[in-house]
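To start, the structure itself, in structure tokens.
The values are calculated or read from the model by the stated rules, or taken from the named source; none is laboratory data. Remember, predicted model here, so these are calculated numbers, not experimental data. Cβ placement follows ideal geometry from the backbone for every residue including glycine, while neighbour counts extend to all protein chains displayed.
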Amino acid sequence: MWLATVANRDWPSRAGLTAEQQRTELLRHLDTAVDRRLNTVVLQVRPTADALWPSPYEPWAQYLTGTQGRDPGWDPLGTAVDEAHARGLELHAWFNPYRVANHTDPGRLVAGHPARIHPEWVLPYGGKLYYNPGLPEVRSFVQDAMLDALRRYEIDAVHWDDYFYPYPVAGQVFADDEAYARYGGDFPDKASWRRNNTDLLVSETASRIKEIRKRTAFGVSPFGVWRNIATDPEGSDTRAGVQTYDDLHADTRKWIREGWIDYVIPQLYWNIGLPAADYARLVPWWDAVVRDTGVGLYIGEALYKAGDPAQPAAWQDPRELSRHLDFAAQYPSVGGHCFFSAKEVAADPIGAMTTVVADHYPTRVRPPRR
């Protein structure tokens, strides 16, 4: 399961809890993972260019104390690694490479924040602040900041989610023309240059992980549609509004083929039969992509949609997710499932998670050997 810290989505339940309250909540989430017979927790440790460990590169995350840069009085990531391992769980450290803040005011960042020291690194877009992926010094810095955690702790994997270049916002421009003019001369268009920037981030990080600790995995959880078949005959039979290749400038299929990542968890957050993005069409597509590559495939599941009245009728059925696991079991490359996210794994409002466990997880299984 994913354990999200951004905006206090899963943990801590709110900012400003005492160190002991935070620790108690964290251990409760780990215990829930064990109770649900899961074997891996993917903990978000760098939600907005800040850290859940004492980083020399970036400030303490605001979601701990309510104030960015304030020492919470304990080491959340170090504790999570030790306590997860004590329970037989893998702990994957989840980082967001480029998101700086969920607002556009650099003045609200703590004094000494790298984005304030280097305002030329930062671009506002869609109501948020981002590091500019087109700058080599940014790519180098964010790698240093993320991999500091790997040097300090026995984390089992470095994990990224679906955010590379930001999701498109109608009527807004990601203003990287200056960087493109400086660095994009060898590319036919800006989109190709942007994709190459993301490729560099992935390939360089992959190499550095293996230099630091060879057995540590590198995994990515992209938006579930690489490209639609109408855009590319090799794409999936979908009509999604977002395509990672075109909109996020993330060629996730290439990363698998190049062997830069050890596992992929596509976010297949749609019900079986949804016309625009059918779970039953996407699983076979991803199965074919990873086949014979040695890259692990796990399916990202939208547990958070189960019982949400705003979702289609399929999600009101507590058996929808269990049917996902039944379907995916037909495809030999699928090695498991990851659930978004920890709050719903625990609360399970309509019993969808309980049904999955009863139908598919009679016992706990060891994490896969890599």
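Quick look at the values:
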read-out: Every pair of residues 6+ apart whose Cβ atoms lie under 8 Å, when the first sits in the stretch 151-163 and is at pLDDT 95 or above and among the aliphatic types (A, V, I, L, M) while the second is surrounded by 18 or more Cβ atoms within 10 Å (Cβ to Cβ) and part of a loop (DSSP other than H, G, I, E, B); value: ILE155/THR216; ALA157/THR216; ALA157/ASP262; VAL158/THR216
read-out: Conditions (1) under 19 Å from the mean Cα position of the chain (by Cα); (2) under 24 Å from ARG239 (Cβ atoms): number failed by GLY259; value: (2)
read-out: Any hit, the stretch 16-35, residues being under 20 Å from the mean Cα position of the chain (by Cα), farther than 23 Å from PHE164 by Cα and not hydrophobic (A, V, I, L, M, F, W, C); value: yes
read-out: Helices (runs of 4 or more DSSP H) fully within the stretch 251-370 counting 1 or more residues that are in contact with a strand residue (DSSP E or B) (Cβ under 8 Å, 6 or more places away or on another chain), surrounded by fewer than 20 Cβ atoms within 10 Å (Cβ to Cβ) and at negative phi; value: 279-290, 320-328
read-out: Which listed residue is small (Gly, Ala, Ser), more than 26 Å from TRP94 (Cα to Cα) and modelled with pLDDT of 95 or more, from GLY294, GLY300, GLY336, GLY351; value: GLY351
read-out: Selection within the stretch 214-232 - in contact with a strand residue (DSSP E or B) (Cβ under 9 Å, 6 or more places away or on another chain) and of a type in the set (Gly, Ala, Ser); value: ALA217, GLY219, SER221, GLY224
read-out: Qualifying position, being free of Cβ contacts under 8 Å to residues at least 24 places away in the same chain and either under 30 Å from TYR153 (Cβ atoms) or part of a helix (DSSP H, G or I) (or both), among GLU234, GLU178; value: GLU178
read-out: Which numbered condition LEU52 misses (of (1) aliphatic (A, V, I, L, M); (2) over 24 Å from TYR163 (Cβ atoms); (3) without any contact (Cβ under 8 Å) to a residue 60 or more places away in the chain); value: (2)
read-out: Verdict on ALA230 being of a type in the set (Gly, Ala, Ser), under 19 Å from the mean Cα position of the chain (by Cα) and surrounded by fewer than 23 Cβ atoms within 10 Å (Cβ to Cβ); value: no
